[in-house]
1. Within the group V195, V178, V140, which residue is more than 17 Å from the chain's Cα centre (by Cα), modelled with pLDDT under 90 and among the β-branched types (V, I, T)?
2. Among the residues of segment 94-109, which ones are touching a Leu at 6+ places or on another chain (Cβ under 9 Å) and either closer than 13 Å to E64 by Cα or acidic (D, E) (or both)?
3. Just give me the residues in segment 43-54 being touching a helix residue (DSSP H, G or I) at 6+ places or on another chain (Cβ under 7 Å) and assigned to a helix (DSSP H, G or I), in sequence order.
4. Residues V63, V32: which one is in the same structural domain as Y122 (by TED's automatic domain parsing) and in a helix (DSSP H, G or I)?
5. If you check R76 against the conditions, is it over 17 Å from the mean Cα position of the chain (by Cα), closer than 30 Å to W183 by Cβ, touching a residue at least 24 places away in the same chain (Cβ under 8 Å) and surrounded by fewer than 20 Cβ atoms within 10 Å (Cβ to Cβ)?
6. For the subset of segment 160-174 comprising residues that are of a type in the set (A, V, I, L, M, F, W, C) and more than 19 Å from the chain's Cα centre (by Cα), which member is farthest from V22 (Cα to Cα)?
7. Within segment 1-34, take every residue that is charged (D, E, K, R) and over 17 Å from R99 (Cα atoms) and give me the one that is farthest from the chain's Cα centre (by Cα).
8. Which ones in segment 80-105 are touching a helix residue (DSSP H, G or I) at 6+ places or on another chain (Cβ under 6 Å), part of a loop (DSSP other than H, G, I, E, B) and either surrounded by 20 or more Cβ atoms within 10 Å (Cβ to Cβ) or of a type in the set (A, V, I, L, M) (or both)?
Amino acid sequence: MPRAGLTPDRVLAVAGDLADEVGLDRLTLAMVAERCGVALPSLYKHVAGLDAVRRGLAVAGAVELGNRLGAAAVGRSGRAALHAVADAYRAFAHERPGRYAASVRAPADGDQEHAAAARGPYEVVRAVVDGYPVRSRSTVDAVRGLRSAVHGFVALEAAGGFGLPEDLDRSFAELVAVFDRAWSAAPGDGSGQDVSVEDGEGWDDRGGVRAVDGAAGLRGAPVR
């Protein structure tokens, strides 16, 4: 009989805590079952398997990341918004390493729930980029570039890849400042074609969010 009060959401919360503690790659269903206080077969009453858990963590991680980035951007624009969003991204990776690792996963084709979750972080960063003279398909390139740079920094940081004594916060701020300088000087391409998430680009970089209906945008975050 399953433990009283155990639900799929509770299993995912426990799995997320464990992923943060031991790493997403080391997470097993046996570990989740033990932490939940149930036998492994009983866990299957709540989740379909490890891949379903990873997918659930990817959705939850993307939602939390999007919320954090959006909160950081509210009331800011331009350089201030860019640095605040990058700092929030790095903080999430530090504080929720397992959930962050899960959030990198791209939505599967047709997975609208995951696609909607992945849309959140993309739209925040895209709104920040829109505050600079970067337009059309170069906007997508800008979002991809920032995501790749910040992800690379936090991944190296987590792996102990920075051994020199210089301050990492300063180095990170300088990395982000490179984008501010580049975007401030970037001309629009003059095509007049804006690329939205519905055109097949999204945080997942595989176009998974194209299945989501509705207008793209941030609710209450004046960062454009």
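1. That would be V195, the only listed residue that is more than 17 Å from the chain's Cα centre (by Cα), modelled with pLDDT under 90 and among the β-branched types (V, I, T).
2. If the condition is that a residue be touching a Leu at 6+ places or on another chain (Cβ under 9 Å) and either closer than 13 Å to E64 by Cα or acidic (D, E) (or both), then R96, P97, G98, R99, Y100, A101, A102, S103 are the ones that fit.
3. Correct list: L43, L50, V53, R54.
4. V63
5. Judged against the criteria, R76 is a match.
6. A173
7. The residue in question is R3.
8. Within segment 80-105, just R96 meets the criteria.
The values are calculated or read from the model by the stated rules, or taken from the named source; none is laboratory data. Because the structure is predicted, anything quoted here is derived from the model rather than measured. A quick note on method: Cβ atoms are made from the backbone with ideal geometry, for glycine too, and the neighbour counts reach across all protein chains shown.
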